[in-house]
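Asks: Below is a structure I'd like to ask you about.
The values are calculated or read from the model by the stated rules, or taken from the named source; none is laboratory data. What you see is a predicted model; the values in this text were computed from it and never measured. Every residue, glycine among them, receives a Cβ derived from its backbone with ideal geometry; neighbour counts consider all protein chains shown.
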Amino acid sequence: MILSDLSLTELKAWVREQGLPEFRGKQIYDAIIQGKTLEEITTISNSIKKQIEEFYPKYRIFRKYISADGTIKYVYKFDDGNIVEGVLMKYKYGNTLCISTQVGCRMGCKFCASTLHGLIRNLSAGEILGQAFLVNRDIGGDSKERKITNIVLMGSGEPLDNYLNVTKFIKLINSEDSLNISERNISLSTCGLVDKIYALADDGFKITLTISLHASNDEVRRVSMPIAQRYTINEIIDACKYYFNKTGRRIIFEYTLIKDVNDKLLHAEELANLLKGFSCHVNIIPLNKVKERKFVDATRKECYLFAQELEKFSISATVRRTMGDDIGGACGQLRNQILMEE
Ligand code: SAH
């Protein structure tokens, strides 16, 4: 347990259990939100610091790369030496932070760099939250002025494979005591763990759900995504419809265009048939080349043609803008680069 895993109420209770007055809980909580290290806290004495040291978060920004377009890529380091990465994207309407949920990943998607060394471990709710606190501070925010407006759970890891920590994270960051980021400003991207999509809906979450589909039929999906052995596309779409009916939130499908795998216009037509009549949007993503992987990227022009074909069948589709290309590419690439250097 680290103290950022706790809500304000839980932290106050914990502080009382340590024999400290309750107001210390609020002081510690504020310091955590502000991304402060224990040494930087001025409101509590050294003896209290000693007492809570074991549990106070020690994550930090380990590396930072700023792109020509303003995108910032962060590498965070945790207590145990593990590192994960994140990206801050600046838009007109606000700042979106892409957050990691696991060190590594066990889903094994063949185009993805995060999964090259398998799953190392889950991040705790407080470690997922810590990424937002550190960046909020780094870009000039504090506990009152929140500079991060949107969160996307699209960094390394499969968020629904770490369900309890991720859902606790959503509740924590959503809280008025914390960064107060509303569920409609949080997106969760998943390769499609069907049972957990039903669980999210049944547990009352109303976040935006993004499905990494990347194929228009199961056979093609199995070429690049091992999870396709476990769940069919139809099962995923049924779960998405259930989620939509419960939440009213439009589902976003991600489709990474891979040359000679899923990039033909017939695939677009097949995808359009699958999604016909369902309130959703398709995001076409140009494949980010990962040098350890054999897949080849389709051109941007091919991405536009694919999106156009979907539109022809009345499916809303856009090609994702690429940001921060000059600073480390696709998710998980930066971590691998650093692991190789060390
Ligand atoms: N595990 C989750 C979230 C992490 S990946 C998921 O599968 O959705 C975030 C998105 O980036 C996913 O859509 C993933 O398929 C995509 N992605 C991973 N590697 C990529 C690459 N090399 N090029 C383009 N997109 C990639």
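Asks: Tally time: how many residues in region 71-127 are away from the ligand (no atom under 16 Å from the Cβ) and polar (S, T, N, Q)?
Replies: The total comes to 3.
Asks: Here's a follow-up. Is it the case that some residue within region 38-52 is at pLDDT 95 or above, closer than 15 Å to L134 by Cα and not aliphatic (A, V, I, L, M)?
Replies: So far as region 38-52 goes, yes, one or more of its residues are at pLDDT 95 or above, closer than 15 Å to L134 by Cα and not aliphatic (A, V, I, L, M).
Asks: Would you mind stating whether I128 is modelled with pLDDT of 95 or more and under 19 Å from I2 (Cβ atoms)?
Replies: Numbers: modelled with pLDDT of 95 or more: yes; under 19 Å from I2 (Cβ atoms): yes.
In short, yes.
Asks: Under the condition of being among the aliphatic types (A, V, I, L, M) and in a loop (DSSP other than H, G, I, E, B), which residue from region 261-296 is modelled with the lowest pLDDT?
Replies: The residue in question is V290.
Asks: Sort out which residues of region 259-309 are surrounded by 21 or more Cβ atoms within 10 Å (Cβ to Cβ) and away from the ligand (no atom under 16 Å from the Cβ), and write them in order of number.
Replies: Hits for region 259-309 are A268, L275.
Asks: Within the group Y231, Y255, Y243, which residue is in a helix (DSSP H, G or I) and of a type in the set (F, W, Y)?
Replies: Y243
Asks: Condition test on V103, is it at pLDDT below 95, under 17 Å from the mean Cα position of the chain (by Cα) and not hydroxyl-bearing (S, T, Y)? Let's see the steps before the verdict.
Replies: On the way: at pLDDT below 95: no; under 17 Å from the mean Cα position of the chain (by Cα): yes; not hydroxyl-bearing (S, T, Y): yes.
The answer is no for V103.
Asks: Follow-up. Looking only at residues that are of a type in the set (D, E) and assigned to a helix (DSSP H, G or I) in region 161-200, which one is farthest from the ligand (Cβ to nearest atom)?
Replies: E183
Asks: For residues that are in a helix (DSSP H, G or I) and either under 24 Å from L164 (Cβ atoms) or among the hydroxyl-bearing types (S, T, Y) (or both), tally how many sit in region 1-51.
Replies: Here is the first cut: in region 1-51, the ones in a helix (DSSP H, G or I) are 3-5, 8-17, 23-33, 46-51.
Filter again for either under 24 Å from L164 (Cβ atoms) or among the hydroxyl-bearing types (S, T, Y) (or both), leaving 3-5, 8-15, 17, 25, 28-29, 32-33, 47.
Number of matching residues: 18.
Asks: Within region 8-35, work out how many residues are free of Cβ contacts under 8 Å to residues at least 40 places away in the same chain and under 17 Å from V135 (Cα atoms).
Replies: 1
Asks: What's the number of the only condition in (1) closer than 22 Å to D263 by Cα; (2) crowded, with 19+ Cβ neighbours inside 10 Å that T232 fails to meet?
Replies: Looking at each condition in turn, T232 falls short on (2).
Asks: Quick test of your reading of the structure: D238 fulfils all but one of (1) surrounded by fewer than 18 Cβ atoms within 10 Å (Cβ to Cβ); (2) within 16 Å of the ligand (Cβ to nearest atom); (3) acidic (D, E). Name the failing condition by number.
Replies: (2)
Asks: Of the numbered conditions (1) at pLDDT below 95; (2) assigned to a loop (DSSP other than H, G, I, E, B), D80 satisfies every one except a single condition; which is it?
Replies: Looking at each condition in turn, D80 falls short on (1).
Asks: With the requirement that a residue be under 19 Å from T232 (Cα atoms) and either aliphatic (A, V, I, L, M) or assigned to a loop (DSSP other than H, G, I, E, B) (or both), what does region 201-217 give you?
Replies: L209, I211, L213, H214, A215, S216, N217
Asks: I've got another one for you. All but one of (1) buried (at least 18 other Cβ atoms within 10 Å of the Cβ); (2) at pLDDT 95 or above hold for K73; which doesn't?
Replies: (2)
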